[in-house]
Amino acid sequence: MAEEFTVTPWEVKGRVDYEKLVKIFGTEFIGEELFKKIEALAGELHVLLRRRVFFSHRDLDLVLEDYEGGRGFFLYTGRGPSGPMHIGHIIPFILTRWLQEKFRANVYIMITDDEKYFDEPGMSLSEVKKWAYENTLDIIAVGFDPDRTFIFHDIEYIGKLYPMAVKVAKRINFNTARAVFGFTGSTNIGLIFYPALQVVPTFFEKKRCLIPAAIDQDPYWRIQRDIAESMGYYKTAALHSKFMPPLTGLEGKMSSSKPETAIFLHDDPKTVRYKIMKYAFSGGQPTIELHRKLGGNPEIDISFQWLHIYFEPDDVKLKKIEEEYRGGKMLTGELKEYLVEKLNNFLEEHRSRREQARELIKIIMYNGELARKMWKEGPWSPEDLE
Ligand code: TYM
C-alpha cells in the first residue's frame with residue numbers, strides 16, 4: 001500500500017507517522033529502560049531525550065555497554081551547507097554536544113560542501129564554500145570542546161577521506177544505492193558516489209560510532225551496517241530525532257527552501273515575531289469567545305509543539321501552559337508571544353556565541369588536540385587500508 005508520507009535524506013513530505021517509519025526503516029524505539037540507563041550514566045536526561053524528540057535508535061544499548069566496559073565510543077554528525085541554518089538543523093548538534101560532555105567522547109562533524117554542490121542545481125562552488133564556513137560558525141556556537149572536536153569540510157579534507165571512501169564505494173553496487181536513495185538515470189554521478197563518503201567517518205576510530213541526527217539520515221547508516229563488519233569495523237549506532245515541524249503545520253519538515261516554514265538562526269527579533277504571528281499554525285479557536293469556552297488543542301499547535309520540543313525546558317512551566325491553553329485560559333496570541341520571547345532569548349545567546357566562534361574556528365578546525373592529529377596523521381593506520 002502506498003504510504004501517505006515520504007522520508008528520504010532529501011525530502012520529507014506529508015505528516016510523518018513515526019510508528020510506521022520505525023517499522024519501515026527497521027530501527028527501534030528507545031524504551032524506558034534505555035532512557036533510564038542514559039540518565040543513570042549521565043546524571044541527568046537532556047530535555048531532547050526527556051521529551052522524546054530523540055525517539056529511535058540502532059545499537060544504543062551496545063554503545064552504553066561499551067561505555068560502561070571502559071571501551072568508550074565516539075560521536076559523528078554533520079551538515080549539508082546549502083544555505084543558512086534553521087532551528088531544526090541545530091537540534092542534533094545540541095544533543096551531540098551534551099553527549100560529548102557527559103560521556104567525554106570525541107566528536108567528528110562533516111560539512112558536506114560536495115554533497116550540496118551536487119544536489120543544488122543553481123549552487124556555485126564558491127557559494128557552497130561560503131555556506132560551509134557560515135554554518136561551521138553556527139555549529140561551533142553550540143559549544144563543543146575544542147580538544148575533542150574535529151570539524152572538516154569535505155572538499156578541503158578529501159585527501160584523508162578518499163582512501164577509505166574507495167574501500168566503501170567498492171562494496172556498494174548501483175542497485176543498492178538506487179534502491180536506498182531513489183537515484184534515477186538523470187541523477188548526476190557525483191551524488192551517486194556521495195553516500196560512500198558520508199559513511200567514511202563512522203570508521204574514524206576503532207570504537208563504536210554513535211550518530212545523533214534526524215531520522216532522514218538513516219538510509220546512510222543502513223548501508224554502513226551492511227558492509228562495516230566485513231571491513232573489520234563496528235556497525236554504526238544511531239540516535240534518531242523527529243523533525244522540527246514547519247511553522248505552517250505538522251506536515252513535512254521545517255525547510256530552508258520555504259522561508260515561511262522556518263526560523264533561521266540569523267532571524268532578528270522583529271522577523272521572529274512577524275513570522276510566528278503570521279505563520280505559526282494555531283490549535284486555537286476562531287474567536288476569543290469560542291476559545292474561552294472550548295479551549296485550544298496543543299497537539300496540533302505549532303507554538304506549543306516548539307516549546308515542547310526544546311524551547312521551554314522547564315517541565316512544570318510547560319505543563320502549566322498546556323493546561324491553561326487547553327482550558328481556554330491562555331489565548332493563541334499569548335502563547336505565541338511566549339514562544340517569541342523564548343526563541344529570541346535563544347537566538348540572542350546563539351548570536352553572541354557565534355561571534356566568539358570566529359576565533360574558535362581556527363582551533364576546532366585546525367589546532368585543537370584532535371584536529372591537529374587528524375590533519376597530520378589522518379584517521380587511518382596502514383592496516384586500516386589493507
Ligand atoms: P542537513 O544539512 O540536511 O541536516 C543537518 C542535520 O539536521 C537534521 N535536520 C533536522 N532535524 C530536526 N528537524 C528538522 N526539520 C531537520 N532538518 C534536518 C538532519 O537530520 C541532520 O542531522 N547529508 C547530511 C550531512 C551529513 C550528516 C552526517 C548529517 C553528513 N554526515 C552525519 C548527520 C549525520 C545533510 O545534508 O544534513
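For the stretch 95-107, the set of residues classified as in contact (Cβ under 8 Å) with a residue 60 or more places away in the chain and either near the ligand (Cβ under 7 Å from one of its atoms) or open to solvent by 20 Å² or more (accessible area, probe 1.4 Å) (or both) consists of K102, N106, listed by residue number. Just to be sure, is E120 more than 22 Å from K206 (Cα to Cα), among the acidic types (D, E) and surrounded by fewer than 22 Cβ atoms within 10 Å (Cβ to Cβ)? When the stated conditions are applied, E120 passes them. E65 - would you say it is without any contact (Cβ under 8 Å) to a residue 24 or more places away in the chain, away from the ligand (no atom under 11 Å from the Cβ), acidic (D, E) and not in a loop (DSSP other than H, G, I, E, B)? Taking the combined requirement at face value, the residue satisfies it.
Of all the residues in the stretch 17-49, those that are open to solvent by 80 Å² or more (accessible area, probe 1.4 Å) and of a type in the set (K, R) number 2. Within the stretch 178-214, being farther than 23 Å from V22 by Cβ, within 15 Å of the ligand (Cβ to nearest atom) and in a helix (DSSP H, G or I) holds for G190, L191, I192, F193, Y194, A196, L197, V200, P201, F203.
If you go through the stretch 1-34 and keep only what is in a loop (DSSP other than H, G, I, E, B) and within 16 Å of the ligand (Cβ to nearest atom), you end up with F5, P9, W10, G14, R15, V16, T27. Per this entry, R52 is counted among residues that are surrounded by fewer than 17 Cβ atoms within 10 Å (Cβ to Cβ), within 19 Å of the chain's Cα centre (by Cα) and farther than 22 Å from E359 by Cα. Working carefully through the options E115, E156, find the one that is at pLDDT 95 or above, surrounded by fewer than 17 Cβ atoms within 10 Å (Cβ to Cβ) and either among the charged types (D, E, K, R) or within 11 Å of the ligand (Cβ to nearest atom) (or both). Being at pLDDT 95 or above, surrounded by fewer than 17 Cβ atoms within 10 Å (Cβ to Cβ) and either among the charged types (D, E, K, R) or within 11 Å of the ligand (Cβ to nearest atom) (or both) holds for just one of E115, E156, which is E156. Summed over the stretch 279-317, residues that are surrounded by 14 or more Cβ atoms within 10 Å (Cβ to Cβ) and in contact with a helix residue (DSSP H, G or I) (Cβ under 8 Å, 6 or more places away or on another chain) total 23. With respect to being in contact with a Leu (Cβ under 8 Å, 6 or more places away or on another chain) and of a type outside the set (S, T, Y), G328 fits the description. On the stretch given as the stretch 283-311, residues that are in contact (Cβ under 8 Å) with a residue 40 or more places away in the chain and either within 23 Å of F346 (Cα to Cα) or among the aliphatic types (A, V, I, L, M) (or both) total 8. The residues of the stretch 215-246 that are hydrophobic (A, V, I, L, M, F, W, C), in contact (Cβ under 8 Å) with a residue 40 or more places away in the chain and away from the ligand (no atom under 11 Å from the Cβ), listed by number, are I223, I227, M231, A237.
The values are calculated or read from the model by the stated rules, or taken from the named source; none is laboratory data. Just so it is clear, the model here is predicted, and its values are computed rather than measured. All Cβ positions, even for glycine, are placed from backbone atoms using ideal geometry, and neighbour counts span all protein chains on display. Just so you know, the surface numbers come from the protein's heavy atoms only, side chains and all, with ligands and any DNA or RNA stripped out. Shrake-Rupley method; radii C 1.70, N 1.55, O 1.52, S 1.80 Å.
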